[in-house]
Amino acid sequence: MSKKILAVDDSASIRQMVCFTLQREGYEVIEASDGRDALSKIGASAVNMVITDLHMPNMNGVELIQALRANPSFKFTPIVMLTTESHQDKKDMGKQAGATGWIVKPFKPEQLIAVVKRLLG
Amino acid sequence: MDAPKQVYREEAFELLSDLEDALIELEQQPGDLDTVNRIFRAMHTIKGSGAMFGFDEIATFTHTIETVYDLIREGKLSVDEDLISLTLRSCDQIKAMLSASEGEGQADDALTLEISSAFKRLIPAEPDDAAQNARCGISEGGEQEIDEKVEATFRIRFRPHRELFQNGTNPVPLLNELRSLGHARIICHLKDIPDLHEIDPEACYTSWDIILTTDKDDNVIRDVFIFVEHVSDIEITLIDDSNGIEEEEYKKIGEILFDRGDISLSDLENILGRQKKIGEMLVESGKARRSEVQSALVEQEHVRELRKKRVAASVGEGASSIRVASHKLDSLVNLVGELVTVQARLSQLSAQKDDTDLTLVSEEVERLVAELRDNAMGMRMLPIGTIFAKFKRLVRDLSTELGKEVNFTTSGEETELDKTVIDKLGDPLVHLIRNSIDHGIESPDARKAAGKPAEGTIRLTAEHSGAHVLISVSDDGAGLDTEAIRSKAIEKGLISPDAAMSEKDLFELILSPGFSTAKSISKVSGRGVGMDVVTSSIESFGGTVEIASVRGRGTTITLKLPLTLAIIDGLLVTISDEFFVIPLNAVVECIELSDEDRRHTHGRNLARVREEIVPYIPLREAFALGGGKPSIEQVVVTEVGERRIGFVVDKVVGQHQTVIKNMGKFLRHVDGVSGATIMGDGTVALILDINKITQQSEYMEASMNAAGHHA
């Protein structure tokens, strides 16, 4: 069975790029446009990994990570944050919240795949 | 049109119009931070996505603007009318660039530069482009690599903190990633795992030592651990680079442990006072854990191997190979054969003399001769790929001639085989490949009708299997038609019409002389010579032919060949004081045969071996040797093809390394003997050709039966 990855970003182009890249590698991808959307979509199905942006309307990435880590089913799920900030503090907040790894935007498809493989095996 | 690019363009246009709104709002309320944030984010997305979708110009351009708005956000710059109009102009410029990328008009590069530098002037002098690049989670593989591929060996100590799992990290993919970087040995330390009742199932108690030889630098290794840096201790030490050739020995185990801080110097010196295996002693004394010693041992072994290889490589440099006439090699092997014989005599002599000095020399010579023999044999080994290459042309020519589409693949080219075997292999393989193209692969139309790709595939593979090499030719063609084979065999009188035969036996019929089922004789094959030629030539040097086929799916023909022809392992036996050698690879077991056993079978040459009836051939009679037979004889049970046949001898002496000597010119046609060998004491032992002997006695049996019927 192919592994399922939840991609959360408010930018449709980033979602599409993530989606396209991961699907080509044989992963199944669920898309969500923000944290709240992600939580509503994730409720129904188990995912093997979450990739989320940090800056998002409604519920941002850090809040999403916190919410996921509080849920026993996602306690050990790898979560990758897409950091766009040139500051360290956002990344630290994400790490604090329980993010497994991060990718700094802009990134290339190969970098995304490398990170996903590093965390999912 | 590239779909993601199109999405990016649409999104960018949307963001730009939002950006313009925000800019106008900002103009009215210059202090509104929310609006500044909106602008920053819009610029940021345009930049970020731009870089990902290949709009590099836009990305670079927006990067400067983004930096300016970041400064405004932090209150380091203030908003004024000039800035707003400059930003608006840049929006127009981005739009122009977007349109240009779609092939509509062209962006004014000079203007881009002008706006860009106007923004740059606003930034206080602290360019952080370098930092920008360094923050990326994954380094961009190929681009950052040093051009020269120098291998280095690192010791990586990965000690995760207890809470490693809490952020969703799985260490296994990390270890696998390290493995993918080069040649890695991983040792796992379990010493910290507490007793069951104390275990926190969500904590990580394991740690790892990794010895990695890679052509990547330590940054790439560090990069693997970038996500776990804050939840583990990672130590990466260069323990060997490619320059250390002169340094023969790698550190002693104690030094490595001391180096790593696992033991102290006084521990080491204390222990070194006693003489025992240092690792063992350290473990016994509790100074080091077993896994630590294990890990150090692995490191030692790894580096030693590496250095050895390097020394070997440096010696081999400059003269990677030389060409030698093959007859020179042949005579070398012959000489080594003689030497083996002489050495055996020396061994025998020293055993009789019971002289310690002589025994010492003799043992030394024995060891050297064995090594010399292996080396000399190794020199005659050639990779089989040398003959594979010429078949590509053959396949191409034949398939065009026959109007078939064939894809030819080979594997196992590096498999080594004695040169003499390789030389004899060419023709049989040509036959097999011809057959596959001609009879196996169907015409493109027939293949399509059968739901197969129009292009057929023929695979030629070679692989080692013990003391043999397996070479197979397989095609994905029509497979063998058992019915056609049967009717053809009946027509040719090879089998009787009511013969019940297994599929395997039917397949084997195509190996018999004069057999061809092809409906028409083509230029290429089908004259009924071929398969039997293949079989006899393969069998002539001790190989066998096997056929597997599934109707409609394809056929695989496998040749099982001995690695070398010059030396075999043999079983030495005697019949009335004459020595004979039976090739050991055919021998299954040895049993005793008493006169009583003979009486039970009423003079028929049959022995019962574990509920199985095995026919045997009394070699004394077969070779018409005189002398009295012992009351208990030995039967050497062998496997000839699929059957078991026993050979009755007087005595089984034991295993014997047999250097094969060809028979002289006059004796070459003697059946039943494939060669001779010289024993340690100089006596000659004949090597039995058990296939031939079996065939002969079958023939005699059959003719005697026929004679009996006539009488």
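Here the Karplus relation 6.51 cos²θ - 1.76 cosθ + 1.60, evaluated at θ = phi - 60°, turns the backbone of the range B:168-174 into coupling constants of x, 7, 10, x, 4, x, 5 Hz, with x for every Gly and Pro.
Quick one: Cα centre-to-centre distance for the range B:612-665 and the range B:406-457, in angstrom? Here the answer is 39 Å between Cα centres. Listed from fewest to most Cβ neighbours within 10 Å, the set B:Asp475, B:Asp195, B:Asp56, B:Asp505 follows the order B:Asp195, B:Asp56, B:Asp505, B:Asp475.
In chain B, the sites counted are GluC sites (Glu not before Pro) in DSSP loop states with at most 13 other Cβ atoms within 10 Å, and the longest stretch holding none of them, exclusive of the sites, is B:415-610. Placing R0 at 30 angstrom, the Cβ-Cβ distance between B:Arg185 and A:Ala46 gives a FRET efficiency of 0.30 after rounding to 0.05.
Computed from phi, the 3J(HN,Hα) profile of the range B:417-433 under the Karplus parametrisation 6.51, -1.76, 1.60 (θ = phi - 60°) reads 9, 4, 4, 5, 5, 4, 4, 7, 8, x, 4, x, 5, 4, 4, 5, 5 Hz, with x in place of Gly and Pro. Please report, to two decimal places, log10 I(q)/I(0) for the range B:332-380 at q = 0.15 Å⁻¹ as given by the Debye formula with identical point scatterers on the Cα atoms and no solvent. The Debye formula, applied to the Cα set alone, gives -0.40.
Summarise the long-distance tail of P(r) for the protein assembly as shown by giving the % of C-alpha pairs beyond 41 Å. For the protein assembly as shown, the fraction of Cα-Cα distances above 41 Å is 62 percent. With angles folded into 0 to 90 degrees, how steeply does helix B:109-122 sit against the dominant principal axis of chain B? Use alpha carbons for both and round to 10. Computed tilt is about 70 degrees.
Its Cα centre serving as origin, the protein assembly as shown has a Cβ charge dipole (Lys and Arg +1, Asp and Glu -1) of approximately 3260 debye.
Restricting the count to DSSP beta bridges whose residues both fall in the range A:12-121, what percent are antiparallel, rounded to a multiple of 5?
DSSP beta bridges in the range A:12-121 are roughly 0 percent antiparallel.
Once you average over the residues of A:11-21, how many Cβ atoms of partner chains fall within 10 Å of each Cβ?
Details: counts 10, 7, 17, 9, 1, 9, 7, 1, 1, 3, 2.
The shielding value for this peptide is 6.
Within 13 Å, Cβ to Cβ, of A:Ser2, how many net charges do the neighbouring residues add up to if Lys/Arg are +1 and Asp/Glu are -1? Numbers along the way, then the final one.
Numbers: positive: A:Lys3, A:Lys4, A:Arg24; negative: A:Glu25, A:Glu28.
So the environment of A:Ser2 carries a net charge of +1.
Here's how it looks for B:Ile660: its modeled amide H is under 5 Å from those of B:Ile567, B:Ile568, which are all 5 or more places away or on a different chain.
Structure note, pairs B:Lys328/B:Lys661; A:Lys4/B:Lys95; B:Lys5/B:Lys95: Cα-Cα distances above 25 angstrom occur for A:Lys4/B:Lys95.
Using a simple spin-label model with pseudo-atoms 7 Å out from Cα toward Cβ, B:Val150 and B:Leu196 lie 5.3 nm apart.
Write down the percent of antiparallel bridges among all DSSP beta bridges whose residues are both part of the protein assembly as shown, to the nearest 5. Please report the intermediate quantities before stating the final value.
Working: 88 of 116 bridges.
The answer is about 75 percent antiparallel.
Using a simple charge model, +1 on the beta-carbon of Lys and Arg, -1 on the beta-carbon of Asp and Glu, nothing else, what dipole does chain B show about its Cα centre, in debye to the nearest 20? Dipole magnitude for chain B comes out near 4240 debye.
The mean number of partner chain beta-carbon atoms within 10 angstrom of a residue's beta-carbon across peptide B:42-55 is 5. A convex hull fitted around the alpha carbon atoms of chain B yields 335 Å³ per residue.
Each label was represented as a point 7 Å from its Cα along the Cα-to-Cβ direction; for B:Asp597 and B:Ser17 these points are 9.9 nm apart.
Per the Kirkwood formula on distinct C-alpha pairs, the Rh of the range A:4-120 is how many angstrom?
On the way: mean 1/r = 0.0728 Å⁻¹.
After inverting the pairwise mean of 1/r, the radius is 13.7 Å.
Against the main long axis of the alpha-carbon atoms of chain B, helix B:356-379 sits at an angle near 70°.
So if R0 is 51 Å, what FRET efficiency would B:Ala100 and B:Ala389 give, r being the distance between their Cβ atoms, rounded to the nearest 0.05?
Numbers: r = 52 Å, r/R0 = 1.01.
It comes to 0.50.
For chain B, calculate the relative contact order in percent as a whole number, restricting contacts to Cα pairs under 8 Å that are 6 or more residues apart.
It comes to 7 percent, rounded to a whole number.
Using only atoms on other chains, find how many Cβ atoms lie within 10 Å of each Cβ of peptide A:69-81 and report the average.
Values: counts 3, 0, 0, 0, 0, 1, 5, 7, 1, 6, 2, 3, 1.
Mean shielding count: 2.
Of B:Ile632, B:Ile263, B:Ile186, the sequence from fewest to most neighbouring Cβ atoms within 10 angstrom is B:Ile632, B:Ile186, B:Ile263.
Here the Karplus relation 6.51 cos²θ - 1.76 cosθ + 1.60, evaluated at θ = phi - 60°, turns the backbone of the range B:469-484 into coupling constants of 10, 9, 10, 10, 10, 10, 10, 9, x, 6, x, 7, 9, 4, 5, 4 Hz, with x for every Gly and Pro. Rounded to the nearest 10 degrees, the inclination of helix B:81-101 to the longest alpha-carbon principal axis of chain B is 30 degrees.
The distance linking the range B:42-115 with the range A:8-58 is 27 Å (Cα centroid to Cα centroid, whole angstrom).
Which entries of A:Lys3/A:Lys117; B:Lys404/B:Lys424; A:Lys75/A:Lys95 show an alpha-carbon separation above 18 angstrom in the structure shown? Display every interim value, and only then the final one.
On the way: A:Lys3/A:Lys117 11 Å; B:Lys404/B:Lys424 28 Å; A:Lys75/A:Lys95 14 Å.
Table pairs above 18 Å Cα-Cα are B:Lys404/B:Lys424.
Each residue in A:Met93, B:Met704, B:Met663 was given a count of other beta-carbon atoms within 10 angstrom of its own, and listing them fewest first yields B:Met704, B:Met663, A:Met93. Taking 7 Å steps out from each Cα toward its Cβ at B:Ser502 and B:Arg323 produces label points 4.9 nm apart. The simple Förster model, with R0 at 51 Å and r as the Cβ-Cβ distance, assigns B:Glu280 and A:Glu28 a FRET efficiency of 0.45. Only helices enter the 222 nm calculation for chain B: every DSSP H run of n ≥ 4 contributes -39,500 (n - 2.57), and dividing by all residues gives -14500 deg cm²/dmol, rounded to 500.
Coordinate-derived values only; no laboratory data. The structure presented is a predicted model; accordingly, all values stated were derived computationally and were not measured. Positions of Cβ are generated from backbone atoms using ideal geometry, with glycine treated the same way; all protein chains shown enter the neighbour counts.
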